[in-house]
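Here the structure is laid out as structure tokens; the discussion comes afterwards.
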Amino acid sequence: MCDEPKIDNSTQEPMNCTNHTAYVQCLPAPNITCRDYLGIEKVFTGQEVGFYKPIACRNVNGYSYKVAVALSLFLGWLGADRFYLGYPALGLLKFCTVGFCGIGSLIDFILISMQIVGRSDVSSYIIDYYGARLTRLTITNTTFRKMQTYP
């Protein structure tokens, strides 16, 4: 049985997150016998830590998703959302053109809400641990699409 990760209140990510990985203590079931890499057998009682399970975590830098969406919704026509996210040139351009006559503000609101546009330093937003977090699916050389077979 593995413990739930302890969540840091300021970042909403698991504690001790380094290199996008945090570790959680796991307790083997009672009376489980394991052999380690040296060949020594150990019988677990269910009370001691048997191994650490790696869980994924994100690099966050203190910028909130809720604040970014609120700025985009209410002050997007002034470019406040782009200034907040670290894009001062686009923020100034939106300010001078009144959000590209409203069309740019609407597009930015959609992109920020869908978490497509993020921080300029490539860090992730702070989102509640059980919140509306999106995961992008990508196809690389290690993933592929299986052909469907019909009966």
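Given the conditions (1) in a loop (DSSP other than H, G, I, E, B); (2) touching a Pro at 6+ places or on another chain (Cβ under 7 Å), which single one is not true for residue 4?
Of the numbered conditions (1) in a loop (DSSP other than H, G, I, E, B); (2) touching a Pro at 6+ places or on another chain (Cβ under 7 Å), the odd one out for residue 4 is (2).
Filter the range 104-131 down to the residues that are of a type in the set (S, T, N, Q) and under 16 Å from residue 70 (Cα atoms), then identify the one that is surrounded by the most Cβ atoms within 10 Å (Cβ to Cβ). Outline the logic, then answer.
Applying the first criterion (of a type in the set (S, T, N, Q)) to the range 104-131 yields 105, 113, 115, 120, 123-124.
Next, only the ones that are under 16 Å from residue 70 (Cα atoms) stay: 105, 113, 115.
Numbers: 105: 21, 113: 16, 115: 18.
The selected residue is 105.
Residue 22 - would you say it is assigned to a strand (DSSP E or B) and either charged (D, E, K, R) or modelled with pLDDT of 90 or more (or both)? Can you show your working first?
On the way: assigned to a strand (DSSP E or B): yes; either charged (D, E, K, R) or modelled with pLDDT of 90 or more (or both): yes.
Yes, satisfied.
Can you find even one residue in the range 68-84 that is part of a loop (DSSP other than H, G, I, E, B), open to solvent by 40 Å² or more (accessible area, probe 1.4 Å) and in contact (Cβ under 8 Å) with a residue 24 or more places away in the chain?
Within the range 68-84, the subset part of a loop (DSSP other than H, G, I, E, B) is 79.
This time we only want the ones that are open to solvent by 40 Å² or more (accessible area, probe 1.4 Å), so: none.
For the range 68-84, residues part of a loop (DSSP other than H, G, I, E, B), open to solvent by 40 Å² or more (accessible area, probe 1.4 Å) and in contact (Cβ under 8 Å) with a residue 24 or more places away in the chain: absent.
Select from the range 11-32 the residues that are free of Cβ contacts under 8 Å to residues at least 40 places away in the same chain and over 20 Å from residue 49 (Cβ atoms) and list them in ascending order. Steps first, answer last, please.
Restricting attention to the range 11-32, the residues satisfying the condition of being free of Cβ contacts under 8 Å to residues at least 40 places away in the same chain are 15-16, 18-32.
Matches in the range 11-32: 19, 20.
Looking at (1) touching a strand residue (DSSP E or B) at 6+ places or on another chain (Cβ under 8 Å); (2) at pLDDT 90 or above; (3) not polar (S, T, N, Q), which is the only condition residue 126 fails?
Looking at each condition in turn, residue 126 falls short on (2).
Which members of the range 4-63 meet the condition of being open to solvent by less than 80 Å² (accessible area, probe 1.4 Å) and charged (D, E, K, R)?
Within the range 4-63, 8, 13, 36, 48, 58 qualify.
If I ask for residues that are of a type in the set (S, T, N, Q) and either more than 35 Å from the chain's Cα centre (by Cα) or assigned to a strand (DSSP E or B) (or both), which ones from the range 31-66 would you list?
31, 33, 45, 61, 64
Does any residue of the range 132-143 turn out to be at positive phi and either open to solvent by 100 Å² or more (accessible area, probe 1.4 Å) or modelled with pLDDT under 75 (or both)?
Quick first cut of the range 132-143, residues at positive phi only: none.
There is no residue in the range 132-143 that is at positive phi and either open to solvent by 100 Å² or more (accessible area, probe 1.4 Å) or modelled with pLDDT under 75 (or both).
The values are calculated or read from the model by the stated rules, or taken from the named source; none is laboratory data. Remember, predicted model here, so these are calculated numbers, not experimental data. Cβ: placed from backbone, ideal geometry, glycine included. Neighbour counts: every protein chain shown. Just the protein is used for accessible areas: all its heavy atoms, side chains included, with ligands, DNA and RNA removed. Shrake-Rupley method; radii C 1.70, N 1.55, O 1.52, S 1.80 Å.
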